[in-house]
1. For the range 126-291, what's the relative contact order in percent, using C-alpha pairs closer than 8 Å and at least 6 residues apart?
2. What list of ³J(HN,Hα) couplings, whole Hz, do you get for the range 125-135 from phi and the Karplus terms 6.51, -1.76, 1.60, once you set θ to phi - 60° and write x for glycine and proline?
3. With a sphere of radius 12 Å drawn around the Cβ of SER217, what net charge do the other residues whose Cβ falls strictly inside it have (Lys, Arg +1; Asp, Glu -1)?
4. Where does the range 126-291 land on Rg(C-alpha)/(2.2 N^0.38 Å)?
5. For GLN133, what charge total do you get from the other residues with a beta carbon under 11 Å from its beta carbon, if Lys and Arg give +1 and Asp and Glu give -1?
6. Suppose the chain between TYR260 and TYR150 were pulled fully straight at 0.36 nm per residue; how much longer would it get relative to their current alpha carbon spacing?
7. Among PHE221, LEU265, GLY197, which residue has its Cα positioned farthest towards the positive end of the charge dipole of the range 126-291, with +1 placed on the Cβ of Lys and Arg, -1 on the Cβ of Asp and Glu, and the dipole taken about the Cα centre?
Amino acid sequence: MSFKGMGKTVIYHLFVSFMVWDASGVDLRKFTEEATGKSSSEPEKKKEQSRVDDIAESSFGSGTYPSDSGSTSFLGGFYAWLVSSPFDYRYDDPSATLNDSEQEGAQRRRHFFPEHLLGEATVPYARVDYNWQSVDGETDANDLRIELGYKLLAFHGRTTMYSTPALGQDMAINQYYGVLRYGGYRPDFLPGTFEAGIGLGVSQIKFEEPGVSIHDSTVAFTLPFKYYPMEWFGVEFRPAWYSWDGIRIGDYDLSASVGYRYMQLRGGYRWLGFRGSSEDLNGPYVGVSVSF
């Protein structure tokens, strides 16, 4: 065979081989499945699920749902939980786009801190209360409270001014607490919203009348509790204990409120008793609360 004939034969075989290879094609799906042992439909499903909520799928999780997937870094997820999403609002619940079984799984993965709705009286960022109390026909009190909080930590401050104009007497009681709190919307635990806390701080008492002025400050302790079984109605109990010149004082505040997010009208009763004394500063009060 001549060199020219051999060349034609080689070219013919190469052409036939190319056509056979081209006709058979490369099935990338099959290749992927054989290489990984997974169906190529799985990445699509995972991709679809990943659109649910980036924070909820982080390695640390949002304020409500820690993730098992770890699709973002731990520090990135921690930043989202701590700064970008201080509370998970119920109307922004990422589980709303999930099916029933996935929602159940998300609920089981609920984070330690429950959900919170902006403006609720429980676990607020900021809240201000003003109350007017009638002790008896001669003595009344103006009471101002403030709460500032972020997640588990809060500051509670309270100042109450008792006044008896007929005798020229005034007594101010100031209380300042650092509070460790827990609460929010936790339907698997309790209907409605709630908040329970434990606080440690100081109290300052100042009494004045013509020619007399007495000041004292001591350690104070409180166990505030709030429960709102419905969005428009709730009850609160704020016991506190401190002392004045070595005399123990029990300060108990029980109230009920009617309102909605951001503002509530309040009515309650406050008992303030001195150990061993028959003179108690007890009486009903009415007030208003503004929450954020």
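1. On the way: 462 pairs, mean separation 29.0, N = 166.
Taking the mean separation of contacting Cα pairs over the length of the range 126-291, I get 17 percent.
2. 5, 8, 8, 10, 10, 10, 10, 10, 10, 9, 7
3. -1
4. 1.07
5. Taking every other residue near GLN133 into account, the sum is -3.
6. Working: separation 110, 0.36 × 110 = 39.60 nm, distance 2.11 nm.
Roughly 37.5 nm would be gained on extension.
7. Toward the positive end, the furthest listed residue is GLY197.
Coordinate-derived values only; no laboratory data. Being a predicted model, the structure only gives us computed values, none of them experimental. All Cβ positions, glycine included, derive from the backbone under ideal geometry; neighbour counts span all protein chains shown.
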